[in-house]
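Heads up, the thing below is written out as structure tokens.
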Ligand SMILES: [Zn+2]
């Protein structure tokens, strides 16, 4: 679909959101081509929200087969989907959310994709992949001016990490002008303010022990939100074990997590009290309402990144599993 | 064997509480759909849904349990079918009904472990608040508006209730501003809606559109108003319009030329204002290019562009003609933002008036937002808030109430790191709350000489105090003033309060059986003095009436703001008003973070906004 001329049908369907972000944003959305890598608990929440928002196309890249465990927490799947290729199995229900979006299923392994596969997209979203793939994608994205956001849910904890390159955005601000005329109060006008955020490359953000990345990039570690280090610990667990922590091996996995934490706090020269070990207990499984929260936050960042409307999160979002505060943390800039 | 859907991080005890819980979801709109999905996928097995609404196309961008083929069907019914598709093994019951109906009494509420509100209006929220207090069932209240939202637990004896803090009232505009001295687009839009009602709608003397010669500002030094010299027609606008058979040229010249000429004679009004410039039909229709009024599919040209004066005049004439035909054979038309001729008429008239008063003209799209009080709604905010609702539900089921402090979703700002901001502790109940305190008490200020018993019941007890079917007796005298039994006190309806011995100092005992709510009302005789004084007032402490003004101009719902920005090391705070915040004009230094409490969806009719 072209960026021009939103039809009356679209205007009616998207009315309530156009009233929030404006028609120009809607036109940019409907020109956007989005790649989603992995459509599991968190992925299906993200897919739902961006399909509803009215993008041009969504490609779902997922090489897994549907398990019973996956089926019960993924609203795009039914019992009949079990054993089938996930990317294909989600198509009917995903498409029914918004018939105007072109949806493509791709069942290949993302690691085996050629670099040029990724060039065609406006933005790439990843969930549940290892850090080396995220960093590899980031390099490809940077060359091709494709935006990237990566997110995960570990139990009650969730986060996202974005590289929106040199991102320009606009936001509306209401200004009150003092009124010269009598007692009728002041006059308000809405002005558009332009801003820019220069995102750091992700190899300056996701730094683990035993990697070749530059240690110079580690700055201000003491003042960091402790949950950033919980995020690194969980990601490193996945990098080392090829899976997330599992409740069936809870005791062993917590021991592994503690060892990883130790090496991370050593690298960053911080105290182990930066976050409580008890948070590991909260990090098992993909909790559906937490997926809903992260899916909402990540989809909103995608919408903002594509439409250049409203300030984006720079560059990490961390959901506190205890207080439910959700905060921005700027790392690597 | 069935796989366990309950989150493994919850622990055995909590997981069985989830499986045993019976949950009521009130509202299957934007937040409701998301909440229901989360419940069905999190192992809840017994869910009831109640919603009065049917599905509309403009719901489909976020109410994802519904699809195009469902438009027109009841939300509760379709929501039930869809979540049973996610998990066919659970029990889901749907009610296509209003939660304020008499059928859903305290005993109905008592059967639930937890009530989750996903409503779009304050009256229903107030009602469910009272029902949950009466049944002593924990309630999780939620709402979104644009990018913002909030989630809050309400539990009798533990937290504040939904009505503990007075809510800011809708912005009102003085009659003289609307009729004589508009200065913002909204003033002209309100005027245009009044004009619609004067010509085609239900007649309402409070919606006069002609110049107001009683405007105190217009009075000359010797105190004379212009009433005696004016040429204001004594017959009603409607009558006159019918006499001239809705001739568009004559109507146009009356409202946009003659009335404006008359306004210009009130010279005092224009001493410090730019005077309006009257415009005649002939002038408006020759001004600029001759534009065709036609429907086309390009929204940018029809709805997003500001129409020329010429086009406004053409649309005015065309819609007057259409509406006149619609009116024939009926008593009156009801204005609706989704009804095209009515919406076009209001857009045209508001813009012509704006042009006359040198106010910025608006597109049809923006006019519709203001005229229909549309609160924008997006899928992502609803998803985030609904996720928090169910996380709170896990804790509330375990009676971990102290871990359920309110959480606010905010539009991301350059000046804060917070997207989700949680209160540090629960908000405590207001000890003199007229709903949840042990002996609820409130003062009302009414004109006891003129207000009838029926008006008292409708305007004060039902609209202001949100009762459904009140019984009222004179304290200590056993005189029944109002009975909830049909017809029992009909004879009192048209009596004034004085005639029923309800005077200054009278105490009334009110009882709403459905809400299990008893309230003592102290009656204060009060007469509106200034033209724009309210007709009546309601307050626990009379002093609160003064404070109310401050709340209106300040914090969103009068709550003390947790200061979350303390730890941020970046920029200093600035005065900034986000566009979606209805509390614009706020004098507070720090940006207010609580979202407006009327939520997810649609509309408060604009009529409430006026006086
Ligand atoms: Zn209360």
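At a glance:
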{"read-out": "Qualifying residue in the stretch B:159-175 (condition: away from every other protein chain (no Cβ under 13 Å), away from the ligand (no atom under 16 Å from the Cβ) and modelled with pLDDT of 95 or more)", "value": "no"}
{"read-out": "Residue match in the stretch A:96-104 (condition: under 30 Å from residue A:281 (Cβ atoms) and assigned by TED's automatic domain parsing to the domain that holds residue A:54)", "value": "no"}
{"read-out": "Number of the condition not met by residue B:160 [criteria: (1) farther than 30 Å from residue B:240 by Cβ; (2) crowded, with 22+ Cβ neighbours inside 10 Å]", "value": "(2)"}
{"read-out": "Checking residue A:332 against (1) closer than 22 Å to residue A:198 by Cα; (2) within 14 Å of another protein chain (Cβ to nearest Cβ); (3) assigned to a loop (DSSP other than H, G, I, E, B), the condition it does not meet", "value": "(2)"}
{"read-out": "Listing of helices (runs of 4 or more DSSP H) fully contained in the stretch B:316-420 that carry 2 or more residues being touching a strand residue (DSSP E or B) at 6+ places or on another chain (Cβ under 9 Å) and within 14 Å of chain A (Cβ to nearest Cβ)", "value": "B:379-397"}
{"read-out": "Hey, residue B:420 within 16 Å of the ligand (Cβ to nearest atom), at pLDDT 95 or above and closer than 30 Å to residue A:329 by Cα or not", "value": "no"}
{"read-out": "Those residues of the stretch A:1-38 which are touching a strand residue (DSSP E or B) at 6+ places or on another chain (Cβ under 7 Å) and assigned to a helix (DSSP H, G or I), in sequence order", "value": "A:21, A:25"}
{"read-out": "Residue match in the stretch B:171-178 (condition: surrounded by 23 or more Cβ atoms within 10 Å (Cβ to Cβ) and either farther than 22 Å from residue B:533 by Cα or under 17 Å from the mean Cα position of the chain (by Cα) (or both))", "value": "no"}
{"read-out": "From B:126, B:117, residue being more than 14 Å from chain A (Cβ to nearest Cβ), within 16 Å of the ligand (Cβ to nearest atom) and in contact with a helix residue (DSSP H, G or I) (Cβ under 7 Å, 6 or more places away or on another chain)", "value": "B:117"}
{"read-out": "Qualifying residue in the stretch A:291-305 (condition: within 14 Å of chain B (Cβ to nearest Cβ), buried (at least 23 other Cβ atoms within 10 Å of the Cβ) and assigned to a loop (DSSP other than H, G, I, E, B))", "value": "no"}
{"read-out": "Strands (runs of 3 or more DSSP E) wholly inside the stretch B:91-183 containing at least 3 residues that are in contact with a strand residue (DSSP E or B) (Cβ under 8 Å, 6 or more places away or on another chain) and more than 22 Å from residue B:421 (Cβ to Cβ)", "value": "B:91-95"}
{"read-out": "Residue count for the stretch A:1-21, restricted to those that are at pLDDT 90 or above and out of contact with any helix residue (DSSP H, G or I) (no Cβ under 8 Å at 6 or more places or on another chain)", "value": "1"}
{"read-out": "Residue match in the stretch A:39-47 (condition: at the interface with chain B (Cβ under 8 Å from one of its Cβ atoms), closer than 25 Å to residue B:55 by Cβ and part of a helix (DSSP H, G or I))", "value": "yes"}
{"read-out": "Any hit, the stretch B:187-202, residues being away from every other protein chain (no Cβ under 11 Å), surrounded by fewer than 19 Cβ atoms within 10 Å (Cβ to Cβ) and either away from the ligand (no atom under 16 Å from the Cβ) or within 25 Å of residue B:440 (Cα to Cα) (or both)", "value": "yes"}
{"read-out": "Residue A:88 vs. criteria modelled with pLDDT under 95 and surrounded by fewer than 23 Cβ atoms within 10 Å (Cβ to Cβ)", "value": "no"}
{"read-out": "Options B:243, B:214; residue that is away from the ligand (no atom under 16 Å from the Cβ), surrounded by fewer than 18 Cβ atoms within 10 Å (Cβ to Cβ) and at pLDDT 90 or above", "value": "B:243"}
{"read-out": "Of residues in the stretch B:423-441 being surrounded by 21 or more Cβ atoms within 10 Å (Cβ to Cβ) and touching a helix residue (DSSP H, G or I) at 6+ places or on another chain (Cβ under 9 Å), the one farthest from the other protein chains (Cβ to nearest Cβ)", "value": "B:435"}
{"read-out": "Unique residue being more than 9 Å from every other protein chain (Cβ to nearest Cβ) and in a strand (DSSP E or B) when the list is A:257, A:279, A:267, A:318", "value": "A:318"}
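Residue-by-condition table, conditions (1) within 16 Å of the ligand (Cβ to nearest atom); (2) within 14 Å of chain A (Cβ to nearest Cβ); (3) at pLDDT 95 or above; (4) farther than 30 Å from residue B:155 by Cβ:
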{"position": "B:459", "(1), (2), (3), (4)": "no, no, no, yes"}
{"position": "B:480", "(1), (2), (3), (4)": "no, no, no, yes"}
{"position": "B:489", "(1), (2), (3), (4)": "no, no, no, yes"}
{"position": "B:510", "(1), (2), (3), (4)": "no, no, yes, no"}
{"position": "B:517", "(1), (2), (3), (4)": "yes, no, yes, no"}
{"position": "B:523", "(1), (2), (3), (4)": "no, no, yes, yes"}
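The values are calculated or read from the model by the stated rules, or taken from the named source; none is laboratory data. From a predicted model like this one, the values you see are computed outputs, not experimental measurements. Every residue, glycine as well, gets a Cβ built from its backbone with ideal geometry; the counts of neighbours run over all protein chains shown.
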